[in-house]
Amino acid sequence: MFLWGTATAAYQIEGATQEDGRGPSVWDSFAHEPGRVRDGHTGDVACDHYHRWPEDVALMAGLGVNAYRFSISWPRVLPTGAGEVNRRGLDFYDRLTDALLAEGVQPVPTLFHWDLPQALEARGGWMERDVSALFAEYAATVAARLADRVPLWITLNEPFVHMAFGYAMGVHAPGRMLMTGALPAAHHQLLGHGLAVQALRAAGARQVALTNNCTPVWPASTREQDVAAAGAYDILHNRLFNDPVLLGAYPDLSAYTGSLDFVRDGDMKTIAAPLDALGINYYNPTRIAAPTGAPTDTGLPFADAGITGHPTTAFGWPVVPDGLRELLTGLKSRYGAALPPILITENGCSQPDEPTERGTIEDEARVDFLDRHIAAMRQAMAEGVDVRGYFVWSLLDNFEWAEGYHQRFGLVHVDFATGRRTPKRSYRWFKEFLERQKTA
Ligand code: GBH
């Protein structure tokens with residue numbers, strides 16, 4: 001069965017950050033630090049999904065999806081990251097799982113979508129090797145409770161973005177600016193992934209995947225320097241996270257570091273544990289040029305050249321549906337038989353989505369975006385790529401990290417003052433699309 005779903009993440013929708021024994025995460029601390037998130041927005045309430053989840057499950061039942069990708073909040077389950085289990089935290093995901101199954105919606109949990117328990121950040125966060133083993137213990141704890149009903153698990157969401165935005169550039173929690181010094185945070189996430197795969201299988205999980213954010217990389221010109229810079233960017237963004245998992249080895253990282261002393265014997269074998277699927281989050285391609293040599297250069301071996309000549313979303317990201325086909329066929333040609341079946345675990349766009357006087361939200365641009373990306377995915381499938389699922393980011397407008405509530409990605413509009421949900425035109429479009437899949 002092809003999985004058609006929507007996706008969300010705990011900190012972006014749940015709220016209730018101090019309820020039922022949940023501990024603080026790095027995102028609670030970060031969002032409450034002045035100047036970190038636009039207009040000082042926080043996830044304290046967000047979509048209040050922690051209380052309104054029955055309504056959200058009903059929205060998915062009405063939509064007709066057969067799968068739902070959500071994330072589990074590590075500090076809800078283990079308030080200090082390790083040790084004492086908070087049963088009320090697990091109870092929440094247990095209730096959600098049962099309610100989804102009762103509606104014929106397969107729960108697809110992600111164990112880590114960036115909300116590290118603050119107590120583990122105090123110990124060094126993902127820069128600290130021990131966090132990998134603690135992540136696997138947490139995975140085992142959750143699976144012991146849910147694996148009897150949950151067939152498919154995702155370990156990490158976008159370790160690239162977490163490393164780059166959280167540890168290298170400081171624009172996401174935990175707000176560190178280590179630049180290339182952040183590479184251990186990549187390795188420890190990947191090691192945590194590999195250890196979690198073992199723990200999940202031991203607890204009875206039938207299928208395990210990792211979700212990577214991938215981007216097709218376009219050289220800004222055919223000049224040799226630009227092509228080399230594009231290759232260097234591809235290594236950092238895509239291959240650093242795909243190669244170890246699929247091939248058991250890092251790509252050549254000499255443009256970024258002189259030493260991989262954080263890698264120990266046996267790590268690569270752990271990281272390369274066979275997967276049942278690779279999750280891909282696709283938003284847009286990236287155009288890369290050689291650094292200019294100006295004082296404003298980052299010191300990195302590439303510069304973002306920007307993409308022009310394509311429409312953009314409210315976030316300013318270029319809309320390039322064919323980039324999804326290019327990405328998928330590119331993965332197939334790079335990894336061949338080592339590439340497991342693919343799940344598109346996120347795809348979607350931000351739009352202003354102001355209600356009309358009649359209260360409806362006519363998000364035509366989102367309908368067009370989704371329609372064209374699904375067509376591009378199908379084109380890749382026709383070209384031989386084994387894709388098994390597609391999840392729209394997102395079910396609900398939600399807390400968009402450093403942008404707060406300013407970017408709206410939902411099929412369902414959320415009035416953040418009242419929590420009121422209003423399905424958009426795109427929700428009705430996707431519902432009709434899914435009905436057509438059943439009869440086709
Ligand atoms: C995902 O990350 C996250 O998993 C999810 O939580 C989030 O809400 C969602 O996407 C929407 O942001 O500067 O034009 O080259 C997406 C990671 C990183 C993808 C930045 C787009 C930059 C576009 N994104 N990237 S551009």
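The values are calculated or read from the model by the stated rules, or taken from the named source; none is laboratory data. Note that the structure is a prediction, hence the values are computed from the model and not measured. FYI the Cβ positions are ideal-geometry reconstructions off the backbone, even for glycines, and counts take in every protein chain you see. Only protein heavy atoms, including side chains, enter the accessible area calculation; ligands, DNA and RNA are left aside. Shrake-Rupley method; radii C 1.70, N 1.55, O 1.52, S 1.80 Å.
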Subject >> Neighbourhood charge, 10 Å Cβ-Cβ cut-off, centred on ARG239 and excluding it, Lys, Arg +1 and Asp, Glu -1 >> reply: -2
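Could you report the range 125-265's accessible area per residue, 1.4 Å probe, as an integer in Å²?
Numbers: 4850 Å² over 141 residues.
Result: 34 Å² of accessible area for each residue.
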**OP:** Just report the Cα centroid separation between the range 61-134 and the range 398-440, whole Å.
**Re:** 22
**OP:** Please find, in a Gaussian network model of the chain (springs between Cα atoms separated by less than 10 Å), the residue of LEU120, LEU191, LEU324 whose mean-square fluctuation is greatest.
**Re:** LEU120
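If you take every residue apart from PRO216 with its C-beta less than 10 Å away from the C-beta of PRO216, what net charge results, scoring Lys and Arg +1 and Asp and Glu -1? Kindly include the intermediate steps, with their values, before the conclusion.
Numbers: positive: ARG287, ARG325; negative: ASP234, ASP322, GLU326.
Neighbourhood net charge equals -1.
Only four residue types carry charge here, +1 at the Cβ of Lys and Arg and -1 at the Cβ of Asp and Glu. Report the dipole size of the range 167-253 about the Cα centre in Debye, rounded to the nearest 20. Each step should come with its number before you reach the end.
On the way: 5 positive and 5 negative charges, 82 e Å.
Here the size comes out at about 400 debye.
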Original post:
Out of the DSSP beta bridges found with both residues in the range 282-431, what percent are antiparallel (nearest 5)?
Top reply: 60
Original post:
Within the chain, which DSSP H helices have Cα atoms that stretch 24 Å or more along the helix axis and a mean Kyte-Doolittle hydropathy of at least 0.5?
Top reply: 130-146
**OP:** Could you work out the local net charge near PRO301, counting Lys and Arg as +1, Asp and Glu as -1, over the other residues with Cβ closer than 12 Å to its Cβ?
**Re:** -4
Original post:
Expressed as a whole number of Å, what is the distance separating the alpha-carbon centroids of the range 256-281 and the range 310-350?
Top reply: 22
Original post:
Among the aspartates and glutamates, which have Cα under 20 Å from the Cα of LYS431 when same-chain residues fewer than 8 positions away are ignored?
Top reply: GLU55, ASP56, GLU103, GLU346, ASP353, GLU362, ASP363, GLU364, ASP368, ASP371, ASP397
Subject >> Global form of the chain, assessed from the alpha-carbon gyration tensor, a/c cut-off 1.5 >> reply: rounded
Original post:
With the Cα gyration tensor of the range 338-440 giving a ≥ b ≥ c as the square roots of its eigenvalues, does the rule (a/c under 1.5 for rounded; else a/b larger than b/c for prolate; else oblate) give rounded, prolate or oblate?
Top reply: prolate
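With charges only on Cβ, +1 for K and R and -1 for D and E, what is the dipole size of the range 352-432 about its Cα centre, in debye, rounded to 20?
Values: 12 positive and 15 negative charges, 68 e Å.
So the dipole magnitude of the range 352-432 works out to roughly 320 debye.
At a 1.4 Å probe radius, which order do THR312, THR42, THR215, THR296 fall into by accessible area, largest first?
I get THR296, THR312, THR42, THR215, largest accessible area first.
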**OP:** Under a cut-off of 18 Å between alpha-carbon atoms, report the lysines in cross-link reach of LYS424, not counting same-chain residues fewer than 8 places apart.
**Re:** none
**OP:** Select from ILE235, ALA143, GLY248 the residue farthest towards the positive end of the dipole of the range 125-250; place +1 on Cβ of Lys and Arg, -1 on Cβ of Asp and Glu, and compute about the Cα centre.
**Re:** ALA143
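Find the relative contact order for the chain and round it to a whole percent, using C-alpha pairs within less than 8 Å whose residues are 6+ positions apart. Walk me through the numbers before you get to the answer.
Working: 918 pairs, mean separation 73.4, N = 440.
With pairs under 8 Å counted, the relative contact order is 17 percent.
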Original post:
At what distance in angstrom do the alpha carbon centres of the range 42-58 and the range 188-210 lie from each other?
Top reply: 28
**OP:** For the range 388-435, build the convex hull from the C-alpha positions and give me its volume per residue in Å³.
**Re:** 78
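Place the peptides 374-387, 198-211 in order of packing, highest mean first, counting for every residue the other Cβ atoms within 10 Å and averaging per peptide.
Values: 374-387: 16.4, 198-211: 20.4.
Going by the mean number of other Cβ atoms within 10 Å, highest first, we get 198-211, 374-387.
Could you check what % of the DSSP bridge pairs in the chain are antiparallel, to the nearest 5? The partial results should precede the final answer.
Values: 8 of 44 bridges.
Close to 20 percent.
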Subject >> Whichever lysines have a C-alpha closer than 26 Å to that of LYS269, once near sequence neighbours (fewer than 8 apart) are set aside >> reply: LYS332
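For the chain, give the magnitude of the charge dipole about the Cα centre (Cβ charges: +1 Lys/Arg, -1 Asp/Glu; no others), in debye to the nearest 20.
Details: 38 positive and 52 negative charges, 173 e Å.
Computed charge dipole of the chain: roughly 820 debye.
So what's Rg/Rh here for the range 68-112, counting alpha carbon atoms and using the Kirkwood radius for Rh? All intermediate terms of the calculation are to be shown ahead of the outcome.
Values: Rg = 11.3 Å, Rh = 11.0 Å.
A ratio of 1.03.
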**OP:** Sum -39500 (n - 2.57) across every DSSP H segment of at least 4 residues in the chain, then divide by the residue count to get the 222 nm mean residue ellipticity, nearest 500.
**Re:** -11000 deg cm²/dmol
Subject >> Solvent-accessible area, 1.4 Å probe, carbon plus sulfur percent, for the chain >> reply: 52
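Which of the three applies to the range 1-118, rounded, prolate or oblate, going by the alpha-carbon gyration tensor with a ≥ b ≥ c and a/c under 1.5 meaning rounded?
Prolate shape, in that a/c is at least 1.5 and a/b is the bigger ratio.
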